[in-house]
Amino acid sequence: MRKFCDLGLLLIVVLWLGFNGRAWSQPQQAQVPGFFIFGDSLVDNGNNNRMITLSRANYRPYGIDFPQGVTGRFTNGRTYVDVLAQLLGFRTYIPPYSSTRGAALLRGVNYASGAAGIRDETGDNLGAHTSMNQQVSNFGNTVAEMRRFFRGDANALSTYLGRCIFYSGMGSNDYLNNYFMPNFYTSSSDYTTKAYAAALLQDYSRQLSQLYTLGARKVIVTGVGQIGCIPYQLARYHSNSSRCNENINNAILIFNSGLKKMVDNFNRGRLPGAKFVYLDSYQSTFDLFQNASAAGFEVIDKGCCGVGRNNGQITCLPLQQACTDRTKYLFWDAFHPTEAANIQLGKASYSSNTQSYTYPINIQQLAML
């Protein structure tokens, strides 16, 4: 009898671990052969570690809840794409480009870089980084290296890449570390918010088209989240009408609207054979704010660690004491969500039954194509 009780307890523990994301819980085989990731610090997993930049996270308390400890991820545990990789059935995390070569490239690579943007100069105020243009170029180098594993058979390689999933999350820094930083950049005086969004979308369209030319066919493109409400902005912005910086939020909505239209254009024949999914990060983060308590979050206006008002004036300092219960915090630091928030966002977008979060299909459906 004791043995059955022990087995029952073990089963409960295993299920709890899987549900809370502490253990892998995925199908026996990955739903796609590879996963290629482009983006900024929201999904960077160590590419900035050896760069001379303020945008680095290769020190404690970053990674305090991650199985491998400190890796360069800008959160306490897993990023959004780590969660997505788990949901797609990958047994291990997608590795950073900075340390991945050879046959490991076939399973996917993460090219993301903290402070990166669509524009090359974005993030220069923080130091070195790998812009979207360079990330696309790095993927080109990866494709060239992958050819030898297909013995130079271009059709076989194209077929393989056509089954993989690609994720691109860009734009946040083009606003935070460019347009809304007039002391360092001239873009806000050079462009209206509409003109700036149009310029970004023109560049981004070219970059995504280059990924298509290199072999990308199943592509997730994420809009910019509600960054006017992150602790960094709450620490600096004062208004009687809103706790958030709606100037930034309104500018983001213009960009996101254009990005969704771009996805429609790609899917309607501009890039034959491709299927793009628009991930509405603005709506999903807005809903998470509005329903935070129901989702288990108690603190939504300040980071779990950091310095100053709302823990949002400076990101986590080396060896700084973080909050004790990270699962109750929406934000890890001034800019980035906690692992708990990433789990919520990942699950919502993977199997969403509404086009409010993923359009025109969800990520699980994209994987099955």
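The values are calculated or read from the model by the stated rules, or taken from the named source; none is laboratory data. Everything quoted here is computed from the prediction, not taken from an experiment. FYI the Cβ positions are ideal-geometry reconstructions off the backbone, even for glycines, and counts take in every protein chain you see. All accessible areas refer to the heavy atoms of the entire protein, side chains included, with ligands and DNA or RNA removed. Shrake-Rupley method; radii C 1.70, N 1.55, O 1.52, S 1.80 Å.
Annotations for the structure displayed:
- Residue match in the range 262-272 (condition: open to solvent by less than 20 Å² (accessible area, probe 1.4 Å), modelled with pLDDT of 95 or more, assigned to a loop (DSSP other than H, G, I, E, B) and in contact with a helix residue (DSSP H, G or I) (Cβ under 6 Å, 6 or more places away or on another chain)): yes
- The set of residues from the range 215-261 being assigned to a loop (DSSP other than H, G, I, E, B), touching a residue at least 12 places away in the same chain (Cβ under 8 Å) and among the polar types (S, T, N, Q) comprises Gln226, Asn245.
- All positions within the range 21-37 that are open to solvent by less than 40 Å² (accessible area, probe 1.4 Å) and modelled with pLDDT of 95 or more: Val32, Pro33, Gly34, Phe35, Phe36, Ile37
- Leading residue by the ranking (least open to solvent (accessible area, probe 1.4 Å)) among those in the range 83-101 that are more than 17 Å from the chain's Cα centre (by Cα) and closer than 14 Å to Val143 by Cβ: Thr100
- Scanning the range 316-369 for residues that are open to solvent by 40 Å² or more (accessible area, probe 1.4 Å) and polar (S, T, N, Q) yields Gln320, Gln321, Thr324, Thr327, Gln344, Ser351, Asn353, Thr354, Gln355, Ser356, Gln364, Gln365.
- Flag for Gly114 being in contact (Cβ under 8 Å) with a residue 40 or more places away in the chain, in contact with a Cys (Cβ under 9 Å, 6 or more places away or on another chain) and open to solvent by less than 10 Å² (accessible area, probe 1.4 Å): no
- Flag for Phe74 being within 30 Å of Met368 (Cα to Cα) and touching a residue at least 12 places away in the same chain (Cβ under 8 Å): no
- Here the condition is being part of a helix (DSSP H, G or I), open to solvent by 20 Å² or more (accessible area, probe 1.4 Å), in contact (Cβ under 8 Å) with a residue 12 or more places away in the chain and of a type outside the set (A, V, I, L, M, F, W, C); of Asn173, Asn133, Asn155, Asn177, it holds for Asn133 alone.
- Matching residues in the range 180-215 - criterion: being exposed (fewer than 15 other Cβ atoms within 10 Å of the Cβ), closer than 30 Å to Thr142 by Cβ and of a type outside the set (Lys, Arg): Gln202, Thr213
- Some residue of the range 38-56 being assigned to a loop (DSSP other than H, G, I, E, B), farther than 29 Å from Met146 by Cβ, at pLDDT 95 or above and hydrophobic (A, V, I, L, M, F, W, C): yes
- Residues (under 18 Å from Ile343 (Cβ atoms), assigned to a strand (DSSP E or B) and either open to solvent by 50 Å² or more (accessible area, probe 1.4 Å) or hydrophobic (A, V, I, L, M, F, W, C) (or both)) located in the range 285-309: Val299, Ile300
- Of the residues making up the range 158-170, those that are in contact with a strand residue (DSSP E or B) (Cβ under 8 Å, 6 or more places away or on another chain) and either part of a loop (DSSP other than H, G, I, E, B) or without any contact (Cβ under 8 Å) to a residue 40 or more places away in the chain (or both) are Cys164, Met170.
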